[in-house]
Amino acid sequence: MAVATAIAIYFLIWWIMLFAVLPWGVRAQGEEGAPGTDPGAPTVPRLRAKLIWTTIAAGVVWGICAVVYAKGLVTLDGLASLFGFPAQNR
């Protein structure tokens, strides 16, 4: 895998993981009873901790994907046959 490809894949995984991590531990202002604010807005967003957890989780997921790619555990022909498409002759 080329370095640029690895970085691009890591960025995509990181971005997706960010949206998975953002809701962790959120307490809404509506739960706290803060008047005059959006009830869904977080009281304390803790973005720095969430960015750190996103980076850790994305690193783990990327590492698993890199090992699967390097070992050849998943191939396009295997995925095609899994979904009922005929394998290509090469």
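Give me a count of the residues in the range 28-42 that are under 30 Å from Tyr10 (Cα atoms) and either under 22 Å from the mean Cα position of the chain (by Cα) or of a type in the set (Val, Ile, Thr) (or both). Count: 1. Taken together, the residues in the range 1-15 that are assigned to a helix (DSSP H, G or I) and either loosely packed, with under 12 Cβ neighbours inside 10 Å or free of Cβ contacts under 8 Å to residues at least 24 places away in the same chain (or both) amount to 8. Among the residues of the range 37-60, is there at least one that is open to solvent by less than 90 Å² (accessible area, probe 1.4 Å), farther than 26 Å from Ala2 by Cα, at pLDDT below 85 and part of a helix (DSSP H, G or I)? There is no residue in the range 37-60 that is open to solvent by less than 90 Å² (accessible area, probe 1.4 Å), farther than 26 Å from Ala2 by Cα, at pLDDT below 85 and part of a helix (DSSP H, G or I). When the range 61-77 is filtered for residues that are without any contact (Cβ under 8 Å) to a residue 60 or more places away in the chain and either basic (Lys, Arg) or in a helix (DSSP H, G or I) (or both), the ones remaining, listed by number, are Val61, Trp62, Gly63, Ile64, Cys65, Val67, Val68, Lys71, Leu76, Asp77. Listed by first and then second residue, the pairs with beta-carbon distance under 7 Å, at least 6 apart or on different chains, first residue in the range 16-32 and in a loop (DSSP other than H, G, I, E, B), second open to solvent by less than 50 Å² (accessible area, probe 1.4 Å), are Leu22/Lys50; Trp24/Lys50.
Being of a type in the set (A, V, I, L, M, F, W, C) and out of contact with any helix residue (DSSP H, G or I) (no Cβ under 9 Å at 6 or more places or on another chain) is not true of Val61.
The values are calculated or read from the model by the stated rules, or taken from the named source; none is laboratory data. Being a predicted model, the structure only gives us computed values, none of them experimental. All Cβ positions, glycine included, derive from the backbone under ideal geometry; neighbour counts span all protein chains shown. Keep in mind that these areas ignore ligands, DNA and RNA; they rest on the heavy atoms of the full protein, side chains included. Shrake-Rupley method; radii C 1.70, N 1.55, O 1.52, S 1.80 Å.
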